[in-house]
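The values are calculated or read from the model by the stated rules, or taken from the named source; none is laboratory data. As the structure is a computational prediction, the values presented were derived from the model and not from experiment. FYI the Cβ positions are ideal-geometry reconstructions off the backbone, even for glycines, and counts take in every protein chain you see. Remember, those area values only see protein heavy atoms, side chains included, never the ligands or the DNA or RNA. Shrake-Rupley method; radii C 1.70, N 1.55, O 1.52, S 1.80 Å.
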Amino acid sequence: MATGTTLSEEIASGPAALRVDVIGGGEREHALDETTFLAYRLADVSLRPEVTKERPDVVWDAGSADKAIRYRDAHLQLEGPWAQGELNKILVVMLALELERVGLHPFHSSAVRYRDRTILFLGGESNHGKSMSQIEGCRRGGLLVSTETTVIDDDGVVVMGSKSVFLRMRAKGTERSDIPSQDEGVAKFFDETPEFVPFDEPAPVDLVVMPGIDGHFETKVSPMIQFEREYQTFHSLMNYFGLNQLLSSEGIVMPIVDSDDLRAQRAAFCSRFAAGRPYYMVRARTPQILFDEVEKLI
């Protein structure tokens with residue numbers, strides 16, 4: 001631990017870990033007091049008091065009076081009084097980078113294990129139906145693979161997934177009045193919330209569905225061409241890298257942590273993944289009608 005450091009710990013998502021050093025700001029047990037959003041957005045999140053990395057990935061000068069953030073040479077520097085939700089959003093981005101460094105790819109998606117097949121509901125550009133599709137799959141006896149994020153390796157195998165079906169509490173800095181309550185959506189489509197039985201074994205993705213649920217939609221099932229597959233997959237991967245993130249109302253944005261090389265590697269993975277399994281766009285008025293169509297595809 002460097003001189004003046006109040007706390008040094010690692011925050012991990014599966015095998016990917018960030019070392020976070022906190023300077024000043026008083027005694028604290030953890031860098032994050034509230035990890036609800038981080039756990040919802042990523043998979044298998046844990047706090048590790050044992051530090052294994054030689055240098056910090058994130059240094060937070062919590063004793064500074066003015067809020068600032070910058071990223072240089074794969075190192076993030078924070079200064080000032082950051083809210084817990086703001087820190088959660090920042091660490092999602094940094095952990096997504098660490099996941100890629102160990103050959104894992106977080107997809108903005110849900111997934112179920114149904115009839116011995118792993119079905120991925122891709123968020124894509126519209127992000128309109130992945131949660132209700134996953135809930136309907138579980139209602140029909142499917143096992144819960146993931147809810148918000150599915151982590152997939154270079155071979156297209158799901159290795160872990162987020163298991164929080166509902167995000168009922170948002171820490172300061174993650175508030176959203178434009179997103180309706182998930183309980184409201186469940187009440188609209190389901191008589192009761194089904195039981196969610198987790199499936200944690202590694203399994204290849206067998207089918208990718210791009211769902212669209214809207215009460216005005218006529219039922220439509222369309223196979224997706226290769227470009228559309230890659231486009232929507234890339235969009236789901238890019239959801240984690242903060243390029244559209246305004247972090248706070250002081251006009252502070254998430255710095256660019258991505259690079260041309262990383263984007264090219266991500267696109268190459270998308271091409272391989274998209275070519276290796278069927279993709280369908282499925283539109284329907286309800287998750288029940290949508291999943292009826294999914295059953296025909298398997």
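Quick one: 3J(HN,Hα) in Hz for the stretch 192-209, Karplus 6.51/-1.76/1.60 with θ = phi - 60°, rounded, Gly and Pro as x.
Coupling constants for the stretch 192-209: 8, 6, x, 6, 10, 9, x, 10, 10, 7, x, 7, x, 6, 9, 8, 10, 10 Hz.
In the stretch 38-93, which GluC sites (Glu not before Pro) are in a loop and have at most 15 other Cβ atoms within 10 Å, using DSSP for the loop call?
Within the stretch 38-93, the qualifying GluC sites (Glu not before Pro) (loop, at most 15 other Cβ atoms within 10 Å) are Glu50, Glu54.
Computing the accessible area with a 1.4 Å probe over protein heavy atoms, can you report the carbon and sulfur percentage for the stretch 220-260?
Of the solvent-accessible surface of the stretch 220-260, carbon and sulfur hold 58 percent.
Round to the nearest 0.05 the FRET efficiency obtained for Ala83 and Phe166 when R0 = 30 Å and r is the Cβ-Cβ distance.
Working from the Cβ atoms, E equals 0.85.
Return the long-range amide H neighbours of Gln245 (sequence gap of 5 or more, or a different chain), with a cut-off of under 5 Å between placed amide H atoms.
Excluding prolines and chain starts, which carry no amide H, the hits are Met254.
If I histogram all Cα-Cα distances within the stretch 184-231 using bins 10 Å wide from 0, what percent of pairs lands in each bin?
Going out from 0 Å in 10 Å bins, the stretch 184-231 shows 16, 31, 39, 15 percent.
Please say if the stretch 100-141 is rounded, prolate or oblate, where rounded means a/c under 1.5 for a ≥ b ≥ c the square roots of the C-alpha gyration tensor eigenvalues, and otherwise the choice is prolate for a/b larger than b/c and oblate otherwise?
Oblate, since a/c reaches 1.5 and b/c is not below a/b.
So how strong a dipole does the chain carry about its Cα centre when Lys and Arg Cβ are +1 and Asp and Glu Cβ are -1, to the nearest 20 debye?
Here the chain has a charge dipole of around 620 debye.
Using θ = phi - 60° and the Karplus relation 6.51 cos²θ - 1.76 cosθ + 1.60, list the HN-Hα couplings for the stretch 149-166 in order, rounded to whole Hz, with x at every Gly or Pro.
9, 10, 9, 10, 8, 4, 8, x, 9, 6, 10, 6, x, 5, 10, 7, 6, 10
Find out how many positive minus negative residues lie around Ser126, taking Lys and Arg as positive, Asp and Glu as negative, among other residues whose Cβ is under 13 Å from that of Ser126.
Computed value for this residue: -1.
From the residues Cys270, Tyr240, Val20, which one has its Cα farthest along the dipole of the chain in the positive direction, the dipole being from +1 and -1 charges on Cβ of Lys/Arg and Asp/Glu about the Cα centre?
So the residue furthest toward the plus end is Cys270.
Using only protein heavy atoms and a 1.4 Å probe, report how much of Arg72 is accessible, in Å² to the nearest 10.
Counting only protein heavy atoms, Arg72 exposes about 150 Å² to solvent.
Indicate the gyration tensor shape class of the stretch 252-298 (rounded, prolate or oblate), computed on the Cα atoms with a ≥ b ≥ c the square roots of the eigenvalues: a/c under 1.5 is rounded; otherwise a/b larger than b/c is prolate and the rest oblate.
It is oblate, given that a/c is not under 1.5 and a/b is not larger than b/c.
Among Val159, Pro81, Cys138, whose Cα lies farthest out toward the positive end of the dipole of the chain, if unit charges sit on the beta carbon of Lys, Arg (+1) and Asp, Glu (-1)?
Cys138
Pulled fully out, how much extra length does the chain show between Arg140 and Glu125, if you take 0.36 nm times their separation in residues and subtract their Cα-Cα distance?
2.7 nm
How do Phe107, Phe166 rank by accessible surface area computed with a 1.4 Å probe, from largest to smallest?
Phe166, Phe107
For the chain: lysine pairs with Cα atoms under 19 Å, gap of 8 or more or different chains, count?
Pairs that pass both the separation and distance tests number 9.
With every protein chain kept in place and ligands, DNA and RNA left out, what is the accessible area per residue of the stretch 84-127? Probe 1.4 Å, answer in Å².
On a per-residue basis, 26 Å².
Largest first, what is the accessible-area ranking of Lys89, Lys296 with a 1.4 Å probe?
Largest accessible area first, the list is Lys296, Lys89.
Counting other Cβ atoms within 10 Å, which GluC sites (Glu not before Pro) in the stretch 227-273 have at most 12 and lie in a DSSP loop?
Counting only loop positions with at most 12 other Cβ atoms within 10 Å, the GluC sites (Glu not before Pro) in the stretch 227-273 are Glu250.
Evaluate Rg over Rh across the chain, taking Cα atoms for both radii and Kirkwood's formula for Rh.
Expressed as Rg/Rh, it is 0.99.
If you take every residue apart from Arg285 with its C-beta less than 13 Å away from the C-beta of Arg285, what net charge results, scoring Lys and Arg +1 and Asp and Glu -1?
Here the count lands on -2.
Taking amide hydrogens as modeled 1.01 Å from N in the peptide plane, which residues meet the under 5 Å criterion relative to Leu78, leaving out close sequence neighbours?
Those qualifying (amide H under 5 Å, at least 5 residues apart or on another chain) are Val59, Trp60, Asp61.
Give me the accessible area of Tyr114, 1.4 Å probe, in Å² rounded to the nearest 10.
So the heavy atoms of Tyr114 present about 10 Å² to solvent.
All other residues with a Cβ under 14 Å from the Cβ of Ser162 taken together, and with Lys, Arg as +1 and Asp, Glu as -1, what is their net charge?
Residues close to Ser162 contribute a combined charge of 0.
What is the extension gain from Phe227 to Arg70, computed as 0.36 nm multiplied by their sequence separation minus the C-alpha to C-alpha distance, in nm to one decimal?
Gain on stretching Phe227 to Arg70: 53.0 nm.
Under the rule a/c < 1.5 gives rounded, and otherwise a/b versus b/c splits prolate from oblate, where does the stretch 1-158 land using the Cα gyration tensor?
Prolate is the answer for the stretch 1-158, as a/c is 1.5 or above and a/b outweighs b/c.
Can you give me the solvent accessible area of Thr219 with a 1.4 Å probe, rounded to the nearest 10 Å²?
For Thr219, the solvent-accessible surface is approximately 70 Å².
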